[in-house]
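Trainee: Mind having a look at this structure? Questions to follow.
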Amino acid sequence: WLGRTLQDIELILLTHAHPDHIALARDLQDASGAPVVCHPIAQRMFEAMQDPSSYRRMGEILAEHGLEAVPVEQPFSVPLPRHFEHVEEGDEVHMAGAAWRVLWTPGHEWGHVVFFRPTDRVLIAGDTVLGKITPNISWHVDPPDPLDQYLDSLDRVAALEPAVVIPGHGRLIEE
């Protein structure tokens, strides 16, 4: 198709800890041998997904906020990568012949990161920036103000003045 094989994968970037962004990471890691890269908070969130008590807590939080508690039985169980490599704010990852700067962008998810290539201002945005919709804001008790964190993350991303945004869902966003 593109003249590439799974063994050509250099890195598996996980922008955040949501099942729709990790579902194939283990399979890709096994097939390619590539490292899986994410923020350490995201890894903790992935691991929490494997624990049914975290879903009970989600039901309790919903009930505390006036919603009917619905029993949740671990609906998002996915096989986790065998190992993770962590990135934090200010780190660089190297792929596709270039350096990508890591920015921690919590709000949509506490461990969310984006990857920015300054040479041509390309941003791998995950779900921080989406083309036609606004992502939901984290429901977790910690951190205490995820909406404020999200708005701060948007300001920081806008300051980069990306020319191309590769969102986690949908089409490329160009200037």
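The values are calculated or read from the model by the stated rules, or taken from the named source; none is laboratory data. Just so it is clear, the model here is predicted, and its values are computed rather than measured. Cβ sites come from the backbone with ideal geometry, for glycine too, and all protein chains shown count toward neighbours. Ligands, DNA and RNA are stripped out before the accessible areas are found, and what is left, the full protein with its side chains, is counted by its heavy atoms. Shrake-Rupley method; radii C 1.70, N 1.55, O 1.52, S 1.80 Å.
Trainee: I need the peptides 149-157, 121-129, 15-23, 3-11 ranked by packing, meaning the mean over residues of other C-beta atoms within 10 angstrom, with the highest value on top. If you can, show how the numbers build up before the last one.
Mentor: Working: 149-157: 16.6, 121-129: 22.4, 15-23: 20.1, 3-11: 11.0.
Top of the packing list down: 121-129, 15-23, 149-157, 3-11.
Trainee: So what is the 222 nm mean residue ellipticity for the chain from helices alone, if each DSSP H run of at least 4 adds -39500 (n - 2.57) and you divide by all residues, rounding to the nearest 500 deg cm²/dmol?
Mentor: Details: 5 runs with 49 residues, N = 175.
That calculation yields -8000 deg cm²/dmol at 222 nm.
Trainee: Compute the acute angle (0 to 90°) between the alpha-carbon long axis of helix 52-64 and the principal axis of greatest extent of the alpha-carbon atoms of the chain; round to the nearest 10°.
Mentor: 60 degrees
Trainee: Round to the nearest 10 and give me the degree value, 0 to 90, for the angle of helix 40-49's Cα axis relative to the longest principal axis of the chain.
Mentor: Here the helix axis deviates by roughly 50 degrees.
Trainee: Step through the residues of the range 25-36 one at a time and calculate ³J(HN,Hα) from phi using the Karplus curve (6.51 cos²θ - 1.76 cosθ + 1.60, θ = phi - 60°), rounding each to whole Hz and writing x for Gly and Pro.
Mentor: For the range 25-36, the Karplus-derived couplings read 4, 4, 4, 5, 5, 4, 6, 9, x, 6, x, 9 Hz, x marking Gly and Pro.
Trainee: In the chain, what percent of the accessible surface is made up of carbon and sulfur (1.4 Å probe, ligands and nucleic acids excluded)? Numbers along the way, then the final one.
Mentor: Details: 5420 of 9930 Å².
Here it works out to 55 percent.
Trainee: No solvent, one uniform scatterer per C-alpha: report log10 I(q)/I(0) for the chain via the Debye equation at q = 0.15, 0.16, 0.19 1/Å, two decimals.
Mentor: Log-scaled intensity ratios, in q order: -0.91, -1.02, -1.35.
Trainee: On to the next question. Nothing charged except the Cβ atoms of Lys and Arg (+1) and of Asp and Glu (-1): what's the magnitude of the dipole of the chain about its Cα centre? Round to the nearest 20 debye. List each step's numbers first, then the result.
Mentor: Working: 12 positive and 27 negative charges, 88 e Å.
It comes to approximately 420 debye.
Trainee: Tally the DSSP beta bridges in the chain and give the antiparallel ones as a percent, rounded to 5.
Mentor: Numbers: 13 of 22 bridges.
Close to 60 percent.
Trainee: While we're looking at this one, here's another question. Distance between the C-alpha centers of the range 106-175 and the range 1-53? Whole Å please.
Mentor: One Cα centre to the other: 18 Å.
Trainee: Report, by chain and number, residues whose modeled amide H sits under 5 Å from the one on Met95, excluding near sequence neighbours (fewer than 5 apart, same chain).
Mentor: Long-range HN contacts for Met95: Trp100.
Trainee: Report the gain in length on full extension from Asn136 to Arg121: 0.36 nm times residue separation, minus Cα-Cα distance, nm rounded to one decimal. Provide the component values of the computation, followed by the final result.
Mentor: On the way: separation 15, 0.36 × 15 = 5.40 nm, distance 2.54 nm.
That works out to 2.9 nm of additional length.
Trainee: What does the extension gain come out to for Asp27 and His169, with contour length at 0.36 nm per residue minus their alpha carbon separation? Could the numbers behind the result be given before it?
Mentor: On the way: separation 142, 0.36 × 142 = 51.12 nm, distance 2.05 nm.
Roughly 49.1 nm would be gained on extension.
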